[in-house]
1. Using 31 Å as the Cα-Cα cut-off, could you pick out the over-long pairs in K96/K278; K96/K178; K94/K194; K119/K278?
2. Any idea which of I176, S252, C116 is furthest toward the positive side of the dipole for the chain, if Lys and Arg beta-carbons carry +1 and Asp and Glu beta-carbons -1?
3. At a 10 Å Cβ-Cβ cut-off, how would you order I271, I81, fewest neighbours first?
4. List the residues, sorted by chain then number, that are 5 or more residues from K34 or on another chain and whose placed amide H is less than 5 Å from its amide H.
5. Got a sec? How would Y251, Y35, Y90, Y265 order by Cβ neighbour count within 10 Å, fewest to most?
6. How would E224, E206 line up from fewest to most surrounding beta-carbon atoms within 10 angstrom?
7. Cβ under 15 Å from W147's Cβ, W147 left aside: what net charge do those residues give with Lys, Arg +1 and Asp, Glu -1?
8. In Å and on Cα atoms, what radius of gyration and Dmax does the chain show?
Amino acid sequence: MKFRPWILVLPATLYLFLIDIAPTIFALWASFQKYILLSPLPIEFVAFENYKKLLNDVDFWQSFVRSLTFASLSTIVQLIIGMGVAFILYRDFKGKNIFRTILVLPLGVSPIAIGCMWKLMMNPLMGPVPWILKQLGFTFNYAAISWQAFGLLVLLDTWHWLPFTAIVLLSGLVSIPKDTIESSEVDGANVLQKLLHIQLPLITNEILLVTLMRFMGSFQIFDEVWMLTTGGPGHATRFLSILLYQTALLYSIDVGYGVTISLLYLFFIVIFSWILFKIIRSV
């Protein structure tokens, strides 16, 4: 029975090694190779050439800025609207439970299905939304107009993850002692004063948690983008995840350079997470 604890943790350890550690080791190895998957040429050790190429790759840095812009904008929009929805749900009103049920429905839909659904709705030729906008005098064609494609993806990501944001913020509001709110009302605090000086400061941890999780999620978005725009029009929605897929698996099939992108991608995610985590710990 001496080795029983080790036997019990062995399956989880093997799973962790095969799913996380082994691919990371392979990625580190491949990043130092000239490794083109379908090339008849042998794999060649090139040291730091892939990293040098990446640091001077204009497409990479443009995709990085797009991903950063998208994640920041999407997170801000979700926080603002999610806060409003959380305050609505914080109050008692008729049909509150039905509203909550409807609100969480998007979380149960897969990203691929969401991409397909929005692609049908927003189709410039036969979609209902462009037709309605056309009747109102607006031209909507996300397949040709860059800012519309970018804005549409922000709207899609917000629609998908707004329930999560609202629920987490609502949990923070519910945890505030009612005595604190009632005491402020006795002292004559109005709605704005209660919001700025009591409720928001007391749910700071929830706000930072949502910011961290949604920023990371939006920064890594892939499925919906690929289904809806495939990175277009032009390169308007070619985020880092799209660039990585196109480089490593679709066009050039340059595995060595692709995993180099993925490692730097991972580095950025770790840095952003560490910064936000430090902010959360300091509050």
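Values in this text are rule-based calculations from the coordinates and carry no lab data. On a predicted model such as this, the values are computed, not experimentally measured, just so you know. Note that each Cβ is placed from the backbone with ideal geometry, even for glycine, and that neighbours are counted across all protein chains shown.
1. K96/K278; K119/K278
2. Ranked along the dipole, the leading option is I176.
3. By the 10 Å Cβ count, ascending: I271, I81.
4. Here the answer is E44, F45, V46, since their amide H atoms fall under 5 Å of that of K34.
5. Y251, Y90, Y265, Y35
6. By the 10 Å Cβ count, ascending: E206, E224.
7. +2
8. 23.5, 79
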